[in-house]
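One structure below.
Derivation of every value follows stated rules applied to the coordinates shown; laboratory data play no part. Note that this is a predicted model, so its numbers are computed, not measured. Cβ atoms come from the backbone with ideal geometry, glycine included; neighbour counts cover every protein chain shown.
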Amino acid sequence: MAQIEQGLLGAAPDRGPVVRWPGAELRRYRDRLYAAAAYPPVDAGAVLRWYPATGPLALPGGGRLSAAPADGAGLKADRCAGGVTVRFRRGGEHCRPAGAAHRRTLKNLFQERGIPPWERARVPLIEIDGEIAAVGPFWVCAPFAAAPGERGVVIHWVRG
């Protein structure tokens, strides 16, 4: 309890404190406490090839991606037909979410959405032709977004 009080509750607001014990961890983010099983590490260098139409993709460190056809939503289906690359954050990535006027760093997008820092490294990035096309299920980056009436592929992510 002393470790939680001093290390977690007593940490400065801009810190990412964590208290760990076998099989679990307790974290603080934006004045909230999060208790969960300890996350296995994610290999930031992992690069996977995925053909969304063929079925789910198991992700290293747990979790999986799946895709569902959609009309006028998600990624443009024809851009996914040849397969996509899935990787994880290394830092400095950008995306212009569909409908947004400007490109933004993923860090800023994650902060605005309130995604805790320890989850950000686990969010799968979907790339097409070397460019980020989608950030997990959260954002589809322009110009990869399906237009109204266009066949699309919506990405679903089950966390591990």
Fraction in percent of alpha-carbon pairs per bin - 5 Å, the stretch 9-50
5, 18, 22, 17, 15, 11, 8, 3, 1
Among PRO124, PRO52, PRO116, residue whose mean-square fluctuation peaks in a GNM of the chain (springs only between Cα atoms under 10 Å)
PRO116
Range of Cα positions in the stretch 1-83 per principal axis (Å), largest first:
55, 27, 20
ALA134's amide H: which non-local residues (gap 5+, or another chain) put their own amide H closer than 5 Å, with H modeled 1.01 Å from N in plane and none for Pro or chain starts?
ILE126, CYS141
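Per DSSP helix of 4 or more residues, -39500 (n - 2.57); summed, then divided by the residues of the chain. What does that give at 222 nm, rounded to the nearest 500?
-2000 deg cm²/dmol
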Shape of the stretch 62-123, Cα gyration tensor, a/c cut at 1.5:
oblate
Using only Cα atoms, locate the centre of the stretch 126-160 and the centre of the stretch 36-88, then give the distance between them in Å, rounded to an integer.
10
Rounded to one decimal in nm, the spacing of the 7 Å Cα→Cβ label points at PHE138 and ASN108 is 1.4
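Multiply the residue separation of ASP129 and VAL158 by 0.36 nm, subtract the distance between their alpha-carbon atoms, and state the gained length in nm to one decimal. Could the numbers behind the result be given before it?
On the way: separation 29, 0.36 × 29 = 10.44 nm, distance 2.45 nm.
Working it through step by step, the gained length comes to 8.0 nm.
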Mean separation of Cα contacts under 8 Å, 6 or more apart, over the residue count of the chain: relative contact order %
25
Extend 7 Å from the Cα of ILE4 along its Cα-to-C-beta direction; within the stretch 18-58, residues with backbone N under 20 Å of that point are 18-39
Inverse of mean 1/r across different Cα pairs in the stretch 77-160, Kirkwood, Å
13.3
Dipole magnitude of the stretch 1-76 about its Cα centre, charges +1 at Lys/Arg Cβ and -1 at Asp/Glu Cβ only, in debye to the nearest 20?
80
Taking the chain as a Gaussian network, where each spring joins two C-alpha atoms under 10 Å apart, which residue of VAL42, VAL19, VAL135 fluctuates the most?
VAL19
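Work out, step by step, the length gained on full extension between ASP14 and ALA70: first 0.36 nm times the residue separation, then minus their alpha carbon distance; give nm to one decimal. Present the calculation step by step, with values, prior to reporting the outcome.
Values: separation 56, 0.36 × 56 = 20.16 nm, distance 4.01 nm.
Fully extending the segment from ASP14 to ALA70 adds 16.2 nm.
Compute the orientation-averaged projected area for the chain from the convex hull of its Cα atoms and round it to one decimal in nm². Could the numbers behind the result be given before it?
Working: hull surface 40.6 nm².
The orientation-averaged projected area of the Cα hull of the chain comes to 10.1 nm².
Could you pull out the trypsin sites (Lys or Arg not before Pro) across the stretch 54-114 that fall in loop regions by DSSP (anything but H, G, I, E, B) with no more than 14 other Cβ atoms inside 10 Å?
ARG90, ARG103
Computed over the Cα atoms of the stretch 32-79, what is the convex hull's projected area averaged over all directions, in nm²? The partial results should precede the final answer.
Details: hull surface 22.8 nm².
For the stretch 32-79, the mean projected area of the Cα convex hull comes to 5.7 nm².
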